[in-house]
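**Student:** Structure incoming, see below.
Every read-out reported here was derived from the displayed coordinates using simple, explicitly stated rules and does not represent laboratory data. Predicted model, so just to flag it, every value in this text is computed and none were measured. Methodologically, a virtual Cβ is constructed for each residue, glycine included, from the backbone with ideal geometry; neighbour enumeration extends over all protein chains shown.
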């Protein structure tokens with residue numbers, strides 16, 4: 001089952017990261033913990049997936065970053081959503097909701 005979860009997560013990780021950061025700036029570890037706290041066992045975010053997603057989103061101009069100090073007084077890179085990222089989040093959220101309704105409709109069919 002973990003492999004199936006990872007496959008499903010891969011297609012939605014960018015949107016989940018944007019949603020998480022829409023609450024305010026966070027460093028990578030905090031992003032992963034927040035998502036895992038909200039998603040339970042279904043959302044186990046690995047560093048090998050999260051950090052490439054953060055770099056990719058930043059390169060696309062959807063995130064920006066700055067160095068700061070974490071709650072443990074360690075140097076950390078904090079990410080925040082740009083205006084372009086907020087627009088993408090809105091678009092992706094609408095697309096996900098439509099897709100989710102369609103899949104649910106098919107799965108609920110007797």
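**Student:** Once you have the Kirkwood Rh of the range 53-110 from its Cα pairs, apply Stokes-Einstein at 20 °C and 1.002 mPa s and quote D in µm²/s.
**Tutor:** D = 155 µm²/s.
**Student:** How tilted is helix 47-59 with respect to the longest principal axis of the chain? Cα atoms for both, answer in degrees (0 to 90, nearest 10).
**Tutor:** Computed tilt is about 80 degrees.
**Student:** Let me ask something else. How long, wide and thick is the chain, going by the Cα atoms along their three principal axes, in whole angstroms, largest first?
**Tutor:** Principal axes ranked by extent give 55, 31, 20 Å for the Cα atoms.
**Student:** Still on this model: Using packing as a proxy for protection, rank 45-56, 91-102 so that the peptide with the highest average count of other Cβ atoms within 10 Å comes first.
**Tutor:** For the peptides 45-56, 91-102, the packing ranking is 45-56, 91-102.
**Student:** Just grab the label-to-label distance for residue 67 and residue 83, each label 7 Å out from Cα along the Cβ direction, in nm (one decimal).
**Tutor:** 2.9 nm
**Student:** By how many degrees, 0 to 90 and rounded to 10, does the Cα axis of helix 83-108 deviate from the longest principal axis of the chain?
**Tutor:** So the inclination is approximately 30 degrees.
**Student:** If I take every Cα pair under 8 Å that is 6 or more residues apart in the range 4-110, average their sequence separation and divide by the length, what percent do I get for the relative contact order?
**Tutor:** Relative contact order, the range 4-110: 28 percent.
**Student:** Test of understanding: what is the full-extension gain from residue 75 to residue 29, defined as 0.36 nm times their sequence separation minus their Cα-Cα distance?
**Tutor:** Between residue 75 and residue 29, full extension yields 15.3 nm more.
**Student:** Another question, then. Please arrange 14, 73 by counting, for each residue, the other beta carbons lying within 10 Å of its beta carbon, fewest first.
**Tutor:** Ranked by crowding around the Cβ, least crowded first: 73, 14.
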